[in-house]
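Working notes, structure below.
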Amino acid sequence: MPRPHCPRCLRPDTHCLCPLIPSLDSRTRVLLLQHPSEVRHALNTARLAALGLNNAELIVGEVFADLPALLDRPGYQARLLFPGEESQALHAYGPAELPLLLVVPDGTWRKARKLLHLNPLLAALPRVSLAAGAVSRYRLRKAPGPGALSTVEAIAQALQVLEAPASFEPLLRPFEALIEGQIAAMGDDVYQRNHGA
Ligand SMILES: [Zn+2]
């Protein structure tokens with residue numbers, strides 16, 4: 001028998017994170033596109049972001065047939081959150097600026113690139129990225145380099161930049177509990193050995 005899981009956050013019932021998940025409003029709409037290989041990942045942070053934001057949607061797949069409809073949102077300008085040379089740094093909304101429909105591919109870099117390759121509409125979107133120098137609190141998997149953030153951290157930071165002074169810090173609460181839980185479960189020795197002091 002598999003352990004019972006919370007149908008909402010997908011964590012084991014004994015470790016349900018729902019009480020920590022906020023219900024935040026944002027001007028920005030967030031569309032998360034998740035590669036199927038991430039769904040059962042123990043740190044499914046895209047799901048935490050989608051649950052914590054009222055104006056967010058998470059869709060799992062490889063080829064998104066509904067993409068034209070998903071991107072066609074009057075009152076928003078669609079942008080892909082993805083680094084790259086032509087990527088514009090995010091900045092706070094100006095007074096007359098339409099809010100963003102922020103499209104966020106979720107998965108490893110390879111999987112995210114694959115999603116772009118399989119969905120030319122995604123690849124064609126103008127790109128935005130976070131300023132360099134963001135530091136992850138994600139201490140578990142060695143990050144590929146400085147600035148590599150988990151999906152929920154990247155979204156919290158993007159919203160913080162776009163919608164300052166509104167605070168999106170509460171979005172990180174379940175993520176932090178998750179990280180603390182994982183580190184506790186791993187045991188301090190193993191953690192020190194794998195990740196250095
Ligand atoms: Zn739950």
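The values are calculated or read from the model by the stated rules, or taken from the named source; none is laboratory data. Here the structure is a predicted model, which is why all the values come from computation and not from measurement. When we count neighbours, we look across all protein chains shown, and the Cβ atoms used for this are built from the backbone with ideal geometry, even at glycine. With ligands, DNA and RNA removed, areas are computed over all heavy atoms of the protein, side chains included. Shrake-Rupley method; radii C 1.70, N 1.55, O 1.52, S 1.80 Å.
Before moving on, here are some points about what is shown:
- Any hit, region 82-94, residues being in contact (Cβ under 8 Å) with a residue 40 or more places away in the chain, surrounded by fewer than 19 Cβ atoms within 10 Å (Cβ to Cβ), in contact with a helix residue (DSSP H, G or I) (Cβ under 9 Å, 6 or more places away or on another chain) and part of a strand (DSSP E or B): yes
- Among the residues of region 1-21, the one identified as surrounded by fewer than 21 Cβ atoms within 10 Å (Cβ to Cβ) and within 15 Å of the chain's Cα centre (by Cα) is Cys9.
- Number of residues in region 68-81 that are in a loop (DSSP other than H, G, I, E, B) and open to solvent by less than 80 Å² (accessible area, probe 1.4 Å): the value is 2.
- On inspection, Ala65 passes the criterion of being away from the ligand (no atom under 16 Å from the Cβ) and loosely packed, with under 15 Cβ neighbours inside 10 Å.
- Exactly one residue out of Leu102, Leu48, Leu115, Leu32 is within 16 Å of the ligand (Cβ to nearest atom) and either part of a loop (DSSP other than H, G, I, E, B) or surrounded by 20 or more Cβ atoms within 10 Å (Cβ to Cβ) (or both): that is Leu48.
- Subset of region 35-45 (residues that are outside any loop (DSSP other than H, G, I, E, B), in contact (Cβ under 8 Å) with a residue 40 or more places away in the chain and away from the ligand (no atom under 15 Å from the Cβ)): Ser37, Glu38
- Counted residues, region 1-29 - those being among the charged types (D, E, K, R), more than 9 Å from the ligand (Cβ to nearest atom) and more than 23 Å from Val103 (Cβ to Cβ): 1
- Flag for Val104 being touching a helix residue (DSSP H, G or I) at 6+ places or on another chain (Cβ under 7 Å) and at pLDDT 95 or above: yes
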